[in-house]
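The block underneath contains the structure these notes are about, expressed in structure tokens.
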Amino acid sequence: MSRRLFLTTTGALSLGAALTACGGDSGGSPAATEPVGQADIDKAMRTPTELTFWTWVPDIAKEVALFEKKYPAVKVKVVNAGQGTPQYTKLRTALKAGSGAPDLVQIEYQAIPTFTITDSLLDLRPYGAAALKERFVDWTWSQVSGAGGEVWAIPQDTGPMGMLYRQDIFDEHGIEVPTTWDEFAAAARKLHKADPDVYLTNLAANQPAAWHGLQWQAGDKPYASSGKSDITISVDDAASRKLGEYWGGLAKEGVIGVEPDFTDAWYAALNKGKYATWITAAWGPVFLSGSAKATAGKWRAAPLPQWDAAKPSSGNWGGSTTAVIRAGKNPIAAAVFAQFLNSDPASARMFATEQFFFPATKALLTDAEFIGQTPSFYGGQKVNQLFADIGSTVDADFQWPPFLDQAATDWTETVGKSLADRTDTVRALGTWQSRLTTYAKGQGFTVKGG
């Protein structure tokens, strides 16, 4: 289940050289305007080939076997080079050295700009990837697409955000499921006053990924890139300050928890009922059922409370893709594998049933067997159906910066610290903005905003 601890950073990145001398050898891959003919694809898939695939997905050999059965001439060597940050660091080292990079990599949505800015990923359009667009949830396709229509990766799984809550604690204290953030704040105050040992939720002070998801839900656009050298940074705008005032205010009042998540203490807190909700993502229900077994049957799921109840919205936290390295020697076979792995119905279903990933394909999200599941941990509620519906409210226009590692580090040291210390979160947003702006300018970006 460690796959579900979606990483909050994407590793260190020096962009100065990247902005002036991007990429490396294209490996003979065609330009996006030159589609590869079916005859060439067929020939490539009949030619004995070995692909190296870096991925941290457990037991992915089962999905790989489906591909190798269809294309027996192509063998896939699966390598676990680390999860998230460790893998990205090794990948950048190999790309810089000009040797040792794989043909394909597992890559989280938020990490894609980190590698496209250095021209490290192959545009998959010439290999037929654009034809898959309608198979995937709209916002996921936006996450893997470039400003020029490039397809940089194929979506694999997702994490639309919702709220898991303890029905028994709500019933004991007469709390209705909050549908707005105002109702949520009122419930937080009511619950903690009634029982000082219980909090409505915990907003982890070490979790910039969750904060970004809440920004996403609030309609904030913290980052907007234009070309490779222009970026707008808006982590201290009106929408961000609204979040800062809200969550910073609840933290200062002491009516929500702010302890680090995914620690032994945090797991213990969930098991003993210290927190009545967990603001999480679509991967959360399966994760929680394995991590808080003492609370089986007591949890339910609901959409996030809303800022505007008339316009339901959510953000995303987690999920990843399969991308092809541009310098690879086998672009056709690699591109076909990336597409097959995540769009083939049997392979996609296996991810949902074997690894318990939340699907990115529309077919699975409308599949009666999948959305009709009624896990006893959630009192027989159709949790998959709920999160499938939530996924349709995720904004497709959210962008990530090409230096997310820096954004995450700076968030933790500013906004996260203000939550942990229960100090002024709005002021911390200004510091975050200033630090990010200084960093981006130092890396050669022209920065707008702030």
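The values are calculated or read from the model by the stated rules, or taken from the named source; none is laboratory data. Not measured: the values here are computed from a predicted model. Quick reminder, even Gly has a Cβ in these numbers, built from the backbone with ideal geometry, and neighbours come from all protein chains shown. Please note that ligands, DNA and RNA were not included when accessible areas were found on the heavy atoms of the full protein model with its side chains. Shrake-Rupley method; radii C 1.70, N 1.55, O 1.52, S 1.80 Å.
Ordered by 1.4 Å accessible area with all protein chains kept, 158, 118, 263 run largest first as 263, 118, 158.
Separation of segment 148-185 and segment 299-357, taken as the distance between their Cα centroids, equals 18 angstrom. Of the chymotrypsin sites (Phe, Trp or Tyr not before Pro) found in segment 252-361, those in coil by DSSP whose Cβ has at most 15 other Cβ atoms within 10 Å are 262. When the chain is treated as a GNM with alpha-carbon contacts under 10 Å, the residue of 304, 124, 51 showing the greatest mean-square fluctuation is 51.
Compared with the dominant Cα axis of the chain, that is its longest principal axis, helix 425-442 is turned about 20°. Residue ranges 34-43, 210-219 sort as 210-219, 34-43 when ordered by packing (mean number of other C-beta atoms within 10 Å per residue, highest first). Take every Cα pair under 8 Å whose residues are at least 6 apart in sequence, average their separation, divide by the length of segment 366-447, and the relative contact order is 16 percent. Rounded to whole numbers, the Karplus 3J(HN,Hα) couplings from phi for segment 361-369 are 8, 4, 4, 6, 6, 10, 6, 4, 5 Hz, using 6.51 cos²θ - 1.76 cosθ + 1.60 with θ = phi - 60°, and x at Gly and Pro. A simple spin-label model places pseudo-atoms 7 Å from Cα toward Cβ; at residue 59 and residue 73 they are separated by 3.3 nm.
Seen against the Cα atoms of the chain and their longest principal axis, helix 345-354 is set at about 40 degrees. Excluding same-chain neighbours fewer than eight residues apart, the lysines reachable from residue 77 by a Cα-Cα span under 26 Å are 43, 62, 69, 90, 96, 329.
As a length-normalised measure over Cα pairs under 8 Å and 6 or more apart, the relative contact order of segment 26-126 settles at 36 percent.
Considering only alpha-carbon pairs that sit under 8 angstrom and 6 or more positions apart, the relative contact order computed for the chain is 28 percent. Helices in the chain, meaning DSSP H runs of at least 4 residues, each add -39500 (n - 2.57). Divided by all residues, the mean residue ellipticity at 222 nm is -11500 deg cm²/dmol.
Going by a ≥ b ≥ c, the root eigenvalues of the Cα gyration tensor, does segment 121-210 fall in the rounded group (a/c under 1.5), the prolate group (a/b larger than b/c) or the oblate group? It comes out prolate by the Cα gyration axes.
The angle between the Cα long axis of helix 238-253 and the longest principal axis of the Cα atoms of the chain comes to about 50 degrees, rounded to the nearest 10. From the Cα gyration tensor of segment 167-233, with a ≥ b ≥ c the square roots of its eigenvalues, which class applies: rounded if a/c is under 1.5, or else prolate if a/b is larger than b/c, or else oblate? Judged from the Cα gyration tensor, segment 167-233 comes out prolate (a/c at least 1.5, a/b above b/c). Classification of segment 273-336 by its C-alpha gyration tensor yields an oblate form. The axis ratio a/c (a ≥ b ≥ c) is 1.5 or more, and b/c is at least a/b.
Model label points for residue 262 and residue 309, set 7 angstrom from Cα along the Cα-to-Cβ axis, are 3.5 nm apart.
Here the Gaussian network model covers the chain, with springs between Cα atoms less than 10 Å apart; of 179, 47, 114, 47 fluctuates the most. Once the Cβ-Cβ distance of residue 421 and residue 230 is raised to the sixth power relative to R0 = 45 Å, the FRET efficiency obtained is 0.80. Legend: residues 241, 46, sorted from most to least accessible area (1.4 Å probe; ligands, DNA and RNA excluded), read 46, 241. Within the chain, antiparallel bridges make up roughly 65 percent of the DSSP beta bridges whose residues both belong there. Go ahead and set up a Gaussian network model of the chain, Cα springs under 10 Å, then flag whichever of 292, 205, 251 fluctuates most. Per the Cα network of the chain with a 10 Å cutoff, 292 tops the list.
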